[in-house]
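Only one structure is covered here, and it is reproduced in the block below.
The values are calculated or read from the model by the stated rules, or taken from the named source; none is laboratory data. Just so you know, these numbers come straight off a predicted model, no measurement behind them. Virtual Cβ from ideal backbone geometry, glycine too; neighbours counted across all protein chains shown. The protein model used for the area step is the full one, side chains on, heavy atoms only, and it has no ligands, DNA or RNA in it. Shrake-Rupley method; radii C 1.70, N 1.55, O 1.52, S 1.80 Å.
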Amino acid sequence: MQGIKLRDLILENLKVKLTPSDENITAQVNELYINAKTMPVEELIRETKNLIKELFKDIENIDKLFFRIALKLEKAGEKEDAIFFYRLSNLLCPNPKAVNNLAVLYSETGRKEQAIKLLKEAIKLFPDNEILKANLKKLNQ
């Protein structure tokens, strides 16, 4: 990363020390690790997403933190890292702003079809969001 240290961004914004000490979480991580080689990809993705949600469920505003980090990374030109944090923010709490920004970055990085798919899915969740609709229309032209 150029100029921005991810660790510093997280520490700057995060007030809670993240330590997955809960035995249930540790067991889930170990189980996923052991089964990752043989687990079907779709199941591995689903279970990993569930684990991430479980890890962060009790940390207030963590989705907003990840969104803020994504914004800073995007502004600094770190598009791939920004994509990661927009996706993480949206996974924890679906948000039309994160989806829109993510779709724009997908489009800017040559992933137009992925942007279109994302916007279509988001419009199902946020049917009144005119910005999502307008951006989908632009991408379909």
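Restricting attention to the stretch 59-76 and to residues that are part of a loop (DSSP other than H, G, I, E, B) and open to solvent by less than 50 Å² (accessible area, probe 1.4 Å), the residue that is farthest from Ala122 (Cα to Cα) turns out to be Ala76. Take the conditions (1) open to solvent by less than 30 Å² (accessible area, probe 1.4 Å); (2) under 9 Å from the mean Cα position of the chain (by Cα); Phe84 misses just one of them, which is (1). Residues that are under 14 Å from the mean Cα position of the chain (by Cα) and of a type in the set (Gly, Ala, Ser) within the stretch 48-77 comprise just one, Ala70.
Checking the conditions here, which among Ala103, Ala76, Ala122, Ala134 is out of contact with any Asp or Glu (no Cβ under 6 Å at 6 or more places or on another chain) and either closer than 30 Å to Glu23 by Cβ or touching a residue at least 60 places away in the same chain (Cβ under 8 Å) (or both)?
Details: Ala103 fails: either closer than 30 Å to Glu23 by Cβ or touching a residue at least 60 places away in the same chain (Cβ under 8 Å) (or both); Ala122 fails: either closer than 30 Å to Glu23 by Cβ or touching a residue at least 60 places away in the same chain (Cβ under 8 Å) (or both); Ala134 fails: either closer than 30 Å to Glu23 by Cβ or touching a residue at least 60 places away in the same chain (Cβ under 8 Å) (or both).
Just one listed residue meets the conditions, Ala76.
The one condition from (1) assigned to a helix (DSSP H, G or I); (2) surrounded by 13 or more Cβ atoms within 10 Å (Cβ to Cβ); (3) of a type outside the set (Gly, Ala, Ser) that Lys53 does not meet is (2).
Taking into account only those residues within the stretch 14-37 that are among the hydrophobic types (A, V, I, L, M, F, W, C) and either open to solvent by less than 80 Å² (accessible area, probe 1.4 Å) or within 13 Å of Leu55 (Cβ to Cβ) (or both), which is modelled with the highest pLDDT?
Looking only at the stretch 14-37, we keep the residues that are among the hydrophobic types (A, V, I, L, M, F, W, C), and these are 14, 16, 18, 25, 27, 29, 32, 34, 36.
Next, from what is left, pick out any that are either open to solvent by less than 80 Å² (accessible area, probe 1.4 Å) or within 13 Å of Leu55 (Cβ to Cβ) (or both): 14, 16, 18, 25, 27, 29, 32, 36.
On the way: Leu14: 53, Val16: 47, Leu18: 50, Ile25: 73, Ala27: 80, Val29: 80, Leu32: 82, Ala36: 85.
Looking at residues that are among the hydrophobic types (A, V, I, L, M, F, W, C) and either open to solvent by less than 80 Å² (accessible area, probe 1.4 Å) or within 13 Å of Leu55 (Cβ to Cβ) (or both), I get Ala36.
Could you list all residues from the stretch 106-119 that are among the hydroxyl-bearing types (Ser, Thr, Tyr) and touching a residue at least 24 places away in the same chain (Cβ under 8 Å)? So that I can check it myself, show each step before the final result.
First pass over the stretch 106-119, keeping only residues among the hydroxyl-bearing types (Ser, Thr, Tyr): 106-107, 109.
Within the stretch 106-119, Ser107, Thr109 meet the criteria.
Number of residues in the stretch 45-73 that are among the aliphatic types (A, V, I, L, M) and modelled with pLDDT under 85 equals 5.
Within the stretch 96-141, work out how many residues are part of a loop (DSSP other than H, G, I, E, B) and either buried (at least 20 other Cβ atoms within 10 Å of the Cβ) or among the β-branched types (Val, Ile, Thr) (or both).
Taking the stretch 96-141 first, the residues part of a loop (DSSP other than H, G, I, E, B) are 109-111, 126-129, 141.
Next cut, either buried (at least 20 other Cβ atoms within 10 Å of the Cβ) or among the β-branched types (Val, Ile, Thr) (or both) only: 109.
Residues flagged as part of a loop (DSSP other than H, G, I, E, B) and either buried (at least 20 other Cβ atoms within 10 Å of the Cβ) or among the β-branched types (Val, Ile, Thr) (or both) within the stretch 96-141 amount to 1.
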